[in-house]
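This report concerns only the one structure given below.
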Amino acid sequence: MSQSPGEFKPSRRDMLRPIEYVGGSAIAAVFTSLIVLMVTRDVTLTLITAAGVFIVVLVVLALFAMAVKPDASGPDDPDDAPPPPPSAHG
């Protein structure tokens, strides 16, 4: 079955990208919360830390993902701009 010209089907990697962000955030939250638990032995502080780290890392990863241009040779790439015309002053 072929795609119609107006239909966009994301690749498998594009579909799994949000899971990568959530997984990375979860790993950072678990790592940080284990350190806090070993140092303080306070479960409440550990849970607060885990939630905070999870949210902060998730937001930072999402912002980094928005900052990256998916195609470096897009129409707004300054490297593709034509050179300026020679100056008539001389």
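The values are calculated or read from the model by the stated rules, or taken from the named source; none is laboratory data. Note that the coordinates shown come from a computational prediction; the quantities given were computed from them, not determined experimentally. Ideal geometry is used to build each Cβ from the backbone, glycine not excepted, and the neighbour counts take in all protein chains shown.
For the reader, a short list of remarks on this structure follows.
- Candidate set: segment 1-42, residues that are among the basic types (K, R) and not in a helix (DSSP H, G or I); chosen: the one modelled with the lowest pLDDT: K9
- Close pairs (9 angstrom Cβ cut-off, 6 or more residues apart or separate chains): buried (at least 18 other Cβ atoms within 10 Å of the Cβ) in segment 24-37, among the charged types (D, E, K, R) and at pLDDT 95 or above anywhere: V36/D42
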